[in-house]
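Let me begin by presenting the structure, written as structure tokens, before commenting on it.
Every number in this text was worked out from the coordinates using simple rules, so none of it is lab data. Keep in mind the model is a prediction, meaning the values are calculated, not measured. Here the Cβ is made from the backbone with ideal geometry for all residues, glycine too, and neighbour counts use every protein chain on show.
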Amino acid sequence: MNDIFQISAVAIIAFASPIISERIGAPAVIVEIMAGFILAYFLADLIRSEWFHFFSSIGLIFLMFLSGLEIDFSLLFKKIRQYWKVPLYVFLSLILSFVFVKVFNMATIYGVFLANVSLGIVMPVMREMNLVSTDFGQKILFATFLTDLITISLLSGLAIGYRVSGSYLELLLPVALVPLFVFAYHLGRYLIWHFPDFMARFFDDPMELGVRGSFAIMILFSGLAFILGSEAILGAFLAGSLVSLTFRGAGKLEESLMGIGYGIFIPFFFIKTGADMYFSISELTLTMPLVLLLAGFAVKILPSAVFVRDIGVRASLAFGTIQSSKLGLTLAGAEIARELGIITSGEAAGIALWTILSAFIFPVMFRKVVRD
């Protein structure tokens, strides 16, 4: 009965967080993190239970799967020549991020955190302001997709580097995921071409064949990644990318997977993140989140100067501002870094606070700059 009560508490938070977030104008994720912080004070046993950690791990894997699914590869392929300054912007942002962590003698993984941007923040803001179909909005989304693709790859590579003990075999095994990904992609395209009626059921089927198949692909690639010595999140991201590439716009399937992920599993991960903040509160200092907030803003604003001649100073500032927003991937990376011993629990809590502040501040600044 105690387990049922605890699961009910999480279910209520997952249900109420979008409602509360609409009232206060903050992402539902932030509400879930703060709820986890409060929950840890009243129900510490819940947060430390094995089943909660299991669901939190599934939530993290699902989050990375949806991160891959959300990347619009068709946009990347179509706009790479037209928007050649966007890859330049992303490259400069990455360089500045790693220069900063080198100068201040921080762990290399902080460079990934600083360079990252949250699609979960950018996309809703673009839709709210009717910018998705505009040239300006397309550049922002292109930069976001490209940055996510690069930073997730870097995060996975760094995690593999910290895991291996020096053996070349250990280092090469995770690379086997690449040919497996290519094989799965061509197999999927073959099935779509030769069995179109069956594959159409992935999108419109009363038995939700698409959801079941996507979930199986996610678990399969996550398991293979773990077996090969990589991070499960890399496998999950590749699985999401595979579904996105194979079906080239998942539409209804993507909506169903988003509903399951953000409605059921992912809240466990964000609630756990808030709880970890509570347990590490004694190690938390305000200096670190503020420094990261300013640094994260600087490494995104300075490279935006490449757009000044095309879109003007104000729009360039807006571009860099929205690119400074952090959320899911930054929190996921911090969790992985903490588990690997790259950062301490106090640092992970500081990164979570930085993420919350950036998710609040930069979208508001972007709206003000664009509207004024």
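Long hydrophobic helices in the chain: the complete DSSP H runs spanning 15 Å or more by Cα along their own axis with mean Kyte-Doolittle hydropathy of at least 1.0 are 2-24, 28-42, 50-70, 85-103, 177-194, 209-227, 232-247, 287-301, 345-371. Taking a ≥ b ≥ c as the square roots of the eigenvalues of the Cα gyration tensor of region 248-321, is the shape rounded (a/c under 1.5), prolate (a/b larger than b/c) or oblate? The shape class here is oblate.
The residues Phe247, Phe221, when put in order of fewest to most other Cβ atoms within 10 Å, stand as Phe247, Phe221. Ile121 sits among other residues whose Cβ lies under 14 Å from its own Cβ, and their net charge, with Lys and Arg +1 and Asp and Glu -1, is +1.
Under the classification rounded if a/c is under 1.5, otherwise prolate if a/b is larger than b/c and oblate if not, where does region 83-159 fall, given a ≥ b ≥ c as square roots of the Cα gyration tensor eigenvalues? Note, shape of region 83-159 comes out prolate. Below 13 angstrom from the Cβ of Ile351, what's the summed charge of the other residues (Lys, Arg +1; Asp, Glu -1)? Result for the local shell: -2. Charged side chains reduced to their Cβ positions (Lys and Arg at +1, Asp and Glu at -1) give the chain a dipole of some 1240 debye around its Cα centre. Measuring from centroid to centroid over Cα atoms, what is the spacing of region 50-98 and region 305-326 in Å? Cα centroid to Cα centroid, the span is 19 Å.
With N counted as the residues of region 242-372, its alpha-carbon radius of gyration over 2.2 N^0.38 Å works out to 1.26.
Under the rule a/c < 1.5 gives rounded, and otherwise a/b versus b/c splits prolate from oblate, where does region 45-112 land using the Cα gyration tensor? Oblate, since a/c reaches 1.5 and b/c is not below a/b. For region 54-162, applying the loop criterion from DSSP together with a ceiling of 14 other beta carbons within 10 Å to the chymotrypsin sites (Phe, Trp or Tyr not before Pro) yields Trp84, Phe104.
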